[in-house]
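Colleague: Below is one structure. I have some questions about it.
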Amino acid sequence: MPVGILTDVSATLCGALLGCVLSSRLGDSWKKLLNNLLGIAALVMGIVLIIRARNLSAVILSLLLGACVGEAVRLEDRINRLATAVTGRLMGGGADAAYLAQVSAALILFCCGGTGWFGALNEGLTGDGSILVTKAILDCVTACIFAALLGKIVPCLCIPQLCVYLALFAAAHVVQGAITDTMIADFSAVGGIVTLAAGLRLCRIKEDIKGLNLLPGLILAFFVSAAWTALVG
């Protein structure tokens, strides 16, 4: 039973629901402050993950290839259209570009962060869910802040988060003997760069980064890392 995954998703949901309750009580100055703090936290998380890289060249290559794939299939545009549709249903209207950028950043942090994916894979491989149990504390606070800023769309993000984590958990059983520590380290580093990009958008330092288009790099990281290790060592 994926105890770590269920704990993390439940904590995210609880934090999001609490944030929705607190949203009406926060002024614009508080929301701006929380948004900036969350962006800084994402930057720090990204840096911590990036320094785990074993093969930096493989990490950069994975990111470049992933960005090309994401751009070719217009991944961010597709996800934004879905977010707009869901937001329209929940909020009774459309969403502007700034709002969608924040939703995209939230989606990356909850569903596509290197720590979360590593935790889900690790639990599938070893049965140890302690990484996600620890991460649940941060996700609870993060979801509360996001929900206070963005509203009812944030609790809905728990659905793709659960689906992604369970898919990784199941996939880990299939490829259990093929994943190495080096591959996981390089994968986490790619996840760190994606998380860093999300932080830059949240802080409005680099708002034109299409972070969701970088996500295919997370999958490619395993293959590129393995090939790089075999060819270069």
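Colleague: Since CYS156 meets every condition but one in (1) of a type outside the set (S, T, N, Q); (2) under 27 Å from LEU22 (Cβ atoms); (3) open to solvent by less than 40 Å² (accessible area, probe 1.4 Å), which condition does it not meet?
Modeller: (3)
Colleague: Now for a different question. Among (1) at pLDDT 80 or above; (2) open to solvent by less than 60 Å² (accessible area, probe 1.4 Å); (3) farther than 18 Å from ASP208 by Cα, there is one condition ARG54 misses while meeting the rest; what is its number?
Modeller: (2)
Colleague: Further question: With respect to ILE193, is the statement that it is open to solvent by 10 Å² or more (accessible area, probe 1.4 Å), under 19 Å from the mean Cα position of the chain (by Cα), closer than 22 Å to THR142 by Cβ and of a type in the set (Val, Ile, Thr) true?
Modeller: yes
Colleague: ALA230 is checked against (1) assigned to a helix (DSSP H, G or I); (2) modelled with pLDDT of 80 or more; (3) under 29 Å from ASN36 (Cα atoms); (4) of a type in the set (A, V, I, L, M, F, W, C) and fails just one. What number does that condition carry?
Modeller: Only one criterion is unmet by ALA230, namely (3).
Colleague: Applying the selection to region 57-82, what residues are touching a Phe, Trp or Tyr at 6+ places or on another chain (Cβ under 7 Å) and open to solvent by less than 60 Å² (accessible area, probe 1.4 Å)?
Modeller: ALA58
Colleague: Please work out which one of (1) open to solvent by 30 Å² or more (accessible area, probe 1.4 Å); (2) of a type outside the set (Lys, Arg); (3) more than 19 Å from SER57 (Cα to Cα) is the condition LEU202 fails and give its number.
Modeller: (1)
Colleague: Could you list all residues from region 104-137 that are surrounded by fewer than 24 Cβ atoms within 10 Å (Cβ to Cβ), without any contact (Cβ under 8 Å) to a residue 60 or more places away in the chain and more than 14 Å from TYR165 (Cβ to Cβ)?
Modeller: Matches in region 104-137: THR126, GLY127, THR134.
Colleague: Only one residue in VAL21, VAL48 is in a helix (DSSP H, G or I), at pLDDT below 85, out of contact with any Asp or Glu (no Cβ under 6 Å at 6 or more places or on another chain) and open to solvent by 30 Å² or more (accessible area, probe 1.4 Å). Which one?
Modeller: From the options VAL21, VAL48, the qualifying one is VAL48.
The values are calculated or read from the model by the stated rules, or taken from the named source; none is laboratory data. No experiment lies behind these values; they were computed from the predicted model shown. With ideal geometry, Cβ positions are generated from the backbone for all residues, glycine too; neighbour counts draw on all protein chains shown. Protein only, heavy atoms only, side chains kept; ligands, DNA and RNA dropped before computing areas. Shrake-Rupley method; radii C 1.70, N 1.55, O 1.52, S 1.80 Å.
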